[in-house]
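Notes follow the structure.
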Amino acid sequence: MQNLFAFFYRYAFVFLFLILEFVSIRLIINRNEAQREIFLNSSTIISGKLYDKVNAVKKYFSLRKANQDMASEIAKLRAEIANLQIQAVTRKDSVIDTVTHQRFLLMSAQIINNSVEQNNNMITINRGSRHGVKKYSTVIENNGIIGFVTKVGSLYSSVMSILNTKARVSVKVKRTNAIGNLVWEGESPVTMKVEAIPKHAIVAEGDTIVTTGFSHFPMNHPVGIVTKAFVQPGENFYSIDIFLFNDISRASHVYVVDDLHRMEIDSLSSPQAIK
């Protein structure tokens, strides 16, 4: 307490000056119409700018949550689109389970580590088993495909990028439905090749390549555009180069795709299932 009194005593003249200054300003403002108008205008401008700054800070801190909410909503919409596409291609005379017809669940995620310069590139995302990620789930973004989940931790997962010489994705020519395999030969991160499309199929430069749905990616998801397509003399299959719609080296926000029918499909297509 003595220190507090000593402080006020030491700076008494400073406090007295500030008090007198405040009283003088009040008197000037109250007794002078012009000065009062200037003060009110100035205080309005200052308070307005202060509120703008406060709101900007609030918006900044709420932006992350807003982005997460938006990503979750987009994931739900994309899942609905993927499931509707499956229903649209179902034959009219086939049995449709109206209760369990949903096939895909999508979950938003963010890439926290990525490589494109290796032959076998891997990606890390900020979603794991605690969030519902499963091994072999696929990963996509708005305008392209990313890869396959290979390892799942509690909070993070490893993804085999399609820019991996071991990766294979079933794709097709959208215009003609000619089916082939998407592969990467370790070259540019924005170009890949499509193999195994027979020479009797019709493929041309400018054709759009999309997913078939056979590799547990949602059906008809965009992949890339054909830049070169030809058949070498004596060969039975096309040599096809494509330019990817998405630049994986710049990918950030992605979606993890859980194929709810995976186990049944894989069990029926395994060699043990053929008797």
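The values are calculated or read from the model by the stated rules, or taken from the named source; none is laboratory data. Keep in mind the model is a prediction, meaning the values are calculated, not measured. Please note: Cβ atoms are built from the backbone with ideal geometry, for glycine as well, and neighbour counts cover all protein chains shown.
Exactly one residue out of Phe230, Phe217 is of a type in the set (A, V, I, L, M, F, W, C) and either touching an Asp or Glu at 6+ places or on another chain (Cβ under 6 Å) or modelled with pLDDT of 95 or more (or both), and it is Phe230. There is at least one residue in the stretch 179-195 that is touching a residue at least 60 places away in the same chain (Cβ under 8 Å) and touching a helix residue (DSSP H, G or I) at 6+ places or on another chain (Cβ under 6 Å). Of the residues making up the stretch 125-143, those that are among the small types (Gly, Ala, Ser) and under 16 Å from Ser108 (Cβ atoms) are Gly128, Gly132, Ser137.
Inspect the stretch 239-256 for any residue being part of a strand (DSSP E or B), aliphatic (A, V, I, L, M) and over 21 Å from Glu185 (Cβ atoms) and give the result as yes or no. Explain how you work it out, then say what you get.
Of the stretch 239-256, the ones part of a strand (DSSP E or B) are 239-244, 253-256.
This time we only want the ones that are aliphatic (A, V, I, L, M), so: 240, 242, 244, 254, 256.
Pick out the ones that are also over 21 Å from Glu185 (Cβ atoms) and you get 254, 256.
The answer is yes, given that some residue of the stretch 239-256 is part of a strand (DSSP E or B), aliphatic (A, V, I, L, M) and over 21 Å from Glu185 (Cβ atoms).
Need pairs with beta-carbon distance below 7 Å; first residue at positive phi and touching a residue at least 24 places away in the same chain (Cβ under 8 Å) and within the stretch 214-227, second surrounded by 20 or more Cβ atoms within 10 Å (Cβ to Cβ) and of a type in the set (Ser, Thr, Tyr); sequence gap 6+ or separate chains. Once the first residue is at positive phi and touching a residue at least 24 places away in the same chain (Cβ under 8 Å) and sits in the stretch 214-227, its partners that are surrounded by 20 or more Cβ atoms within 10 Å (Cβ to Cβ) and of a type in the set (Ser, Thr, Tyr) give His216/Thr138; Asn220/Thr211.
Pick from Ala273, Ala251: which is of a type outside the set (Ser, Thr, Tyr), in contact with a strand residue (DSSP E or B) (Cβ under 6 Å, 6 or more places away or on another chain) and modelled with pLDDT under 95? I'd like the intermediate steps shown before the answer.
Values: Ala273 fails: in contact with a strand residue (DSSP E or B) (Cβ under 6 Å, 6 or more places away or on another chain).
Residue meeting the stated conditions: Ala251.
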